[in-house]
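I am attaching a structure below and will ask some questions about it afterwards.
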Amino acid sequence: MFWIEAEQYDQAINFHECSHCQHRVFQDQRNNCHCDKCLANRKRMLTETRLQEQRKIKSKDKNKDQIEYRLDQISFLNKLFLLSILDNQVQEHTTHHEYIDWESIKYHSITPNYLFQNYLIKQLVKEQILIAKDFASEAHHYYVNVRLDGYSEPSLFSITQQLRNWFYENLTMGVPFKNADEVKNALYLVLYQEIIQFAQFYCRTWGVQIAGNNAFQTFCYRLMDSLAVGQIYFLVQTALEYLNQQKALKARNENFINTNLLKKTLQQYRERAVTEKWETSTLPRPYNIPFSKMSEILFFRFLGYDENIFFQPIRHSWKKIEPRLSFYSQKRCMYCGSNELTVDYDAENYVTLCCRTCKHQDHYFTQ
């Protein structure tokens, strides 16, 4: 920096000036620097202040209509996503904020792929399950806007602990779903996102973009009814290698051109496989693809499954999973009809439930 001695309105003014960016550091705090960076910072601060004032004015009307959910009212997928965010961040023995710092964790392996992760966070904000903490044009800090056991604004640890009770305690501390189909829909969706993650991982080595869309999702759901995810991995790998050899893939996936090419090629493979009775090989999940927190919680912790979830069609897996989920979602107290039940004893074929409302105890055989 250079030392500058100058005059302004017949008064001496001294400052340091950077020879590279013309940034000025004044001895007198009443003077402002007018370099490009300082001008941009002041413009940003003015914009944020204006947004803050606008939101304060609007909040007077919006507060009357603002929705506040009970934690048990939100969907199974949203509960699963919230726990995937909070489980590693909120621990009893460590300090943590009372808000979600999305900027610091958004590139963590929370869900199978980033686009799905970004979609879910926007949905939570849209549904007012997450409320922006700051007033910047792009908020990064969010409060969880739920009630817990009748209390407004519960601590983040209380919310996380309740989610852990639902997902990690083998349904003995309550159920996080309304019916078994809600879990089945989430299972299909997360496995589909695993397929997208596999395709993205494969295309990244060639510098090629790829993503999912509604048509490709519908097609993959049909495949998952008859094929294991590992078999779909094999088909996707074969199709992508063929398309890459033909130089058909584009660097940018504009208008889903790569996605549509992959879908068309997979359709042709599947039609020939059915017609000519091919046996589709099974490809294990590559060990070097990061395993997301959401997949770990859903497949291994909540459903109690293992790697076989990737090696057989969902309909086979679901036959083992569905009876227990349906039992817990449909059961009510035989005395007062409440669904607020606590598991007193849980064996393989025998369950004892106690109603938290009237304290009546019921005994069931689950087979």
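Return the residues of the range 260-279 that are basic (Lys, Arg), over 29 Å from the mean Cα position of the chain (by Cα) and in a helix (DSSP H, G or I); say none if nothing qualifies. So that I can check it myself, show each step before the final result.
Going through the range 260-279, the residues basic (Lys, Arg) turn out to be 263-264, 270, 272, 277.
Subset that is over 29 Å from the mean Cα position of the chain (by Cα): 270, 272, 277.
The answer is ARG270, ARG272.
Show the residue pairs meeting these rules: Cβ distance below 6 Å; 6+ apart or different chains; first residue within the range 158-181 and farther than 17 Å from PHE299 by Cα; second residue of a type in the set (Asp, Glu) and surrounded by fewer than 20 Cβ atoms within 10 Å (Cβ to Cβ).
Close Cβ pairs (under 6 Å, with a partner that is of a type in the set (Asp, Glu) and surrounded by fewer than 20 Cβ atoms within 10 Å (Cβ to Cβ)) amount to THR172/ASP346.
Between a first residue in the range 267-291 that is assigned by TED's automatic domain parsing to the domain that holds PHE216 and aliphatic (A, V, I, L, M) and a second residue that is surrounded by 11 or more Cβ atoms within 10 Å (Cβ to Cβ) and modelled with pLDDT under 90, which pairs have beta carbons less than 9 Å apart while being 6 or more apart in sequence or on different chains?
Every condition considered, the pairs that remain are ALA273/THR280.
For the range 257-281, what are the residues that are small (Gly, Ala, Ser) and touching a helix residue (DSSP H, G or I) at 6+ places or on another chain (Cβ under 8 Å)?
If the condition is that a residue be small (Gly, Ala, Ser) and touching a helix residue (DSSP H, G or I) at 6+ places or on another chain (Cβ under 8 Å), then SER281 is the only one that fits.
So which helices (runs of 4 or more DSSP H) are wholly in the range 29-127 and hold at least 2 residues that are modelled with pLDDT under 80 and outside the structural domain of ASN145 (by TED's automatic domain parsing)?
Helices (runs of 4 or more DSSP H) meeting the threshold: 36-65.
Taking the stated definitions as given, is THR205 of a type in the set (Val, Ile, Thr) and closer than 15 Å to LYS263 by Cβ?
no
Give the range 1-25 a look and list any residue that's at pLDDT below 80, part of a strand (DSSP E or B) and in contact with a strand residue (DSSP E or B) (Cβ under 8 Å, 6 or more places away or on another chain), or say none.
Across the range 1-25, the qualifying residues are PHE2, TRP3, ILE4, GLU5, ALA6, GLU7, ALA12, ILE13, ASN14, PHE15, HIS16.
Out of all the residues in the range 280-310, which are buried (at least 17 other Cβ atoms within 10 Å of the Cβ) and assigned to a loop (DSSP other than H, G, I, E, B)?
Correct list: THR280, LEU283, ARG285, SER292, LEU303.
Can you give me the number of residues within the range 201-259 that are outside any loop (DSSP other than H, G, I, E, B), surrounded by 13 or more Cβ atoms within 10 Å (Cβ to Cβ) and of a type in the set (Gly, Ala, Ser)?
Final tally of qualifying residues: 3.
Here's something else I'd like to know. Confirm whether VAL229 is over 17 Å from PHE116 (Cβ atoms), outside the structural domain of LYS79 (by TED's automatic domain parsing) and of a type in the set (A, V, I, L, M).
no
Give the residues of the range 158-175 that are in contact with a helix residue (DSSP H, G or I) (Cβ under 9 Å, 6 or more places away or on another chain) and modelled with pLDDT of 90 or more, sorted by residue number.
Scanning the range 158-175 gives ILE159, THR160, GLN162, LEU163, ARG164, TRP166, PHE167, TYR168.
With respect to LYS277, is the statement that it is on the phi > 0 side of the Ramachandran plot and loosely packed, with under 14 Cβ neighbours inside 10 Å true?
Against the criterion (on the phi > 0 side of the Ramachandran plot and loosely packed, with under 14 Cβ neighbours inside 10 Å), LYS277 qualifies.
Output yes when any residue across the range 79-91 is under 27 Å from PRO290 (Cα atoms), among the small types (Gly, Ala, Ser), touching a residue at least 40 places away in the same chain (Cβ under 8 Å) and touching an Asp or Glu at 6+ places or on another chain (Cβ under 9 Å), and no when none is.
Yes: one or more hits.
Mind listing just one residue for me: the one in the range 331-367 that is assigned to a loop (DSSP other than H, G, I, E, B) and among the charged types (D, E, K, R) and, of those, modelled with the highest pLDDT?
Of the range 331-367, the ones assigned to a loop (DSSP other than H, G, I, E, B) are 331-340, 347-349, 356-360, 366-367.
Subset that is among the charged types (D, E, K, R): 331-332, 340, 348, 356, 359.
Details: LYS331: 74, ARG332: 68, GLU340: 70, GLU348: 64, ARG356: 76, LYS359: 79.
Only one residue fits best here, namely LYS359.
The values are calculated or read from the model by the stated rules, or taken from the named source; none is laboratory data. Only a predicted model underlies this, so the values are computations on that prediction, with no experimental measurement involved. Virtual Cβ from ideal backbone geometry, glycine too; neighbours counted across all protein chains shown.
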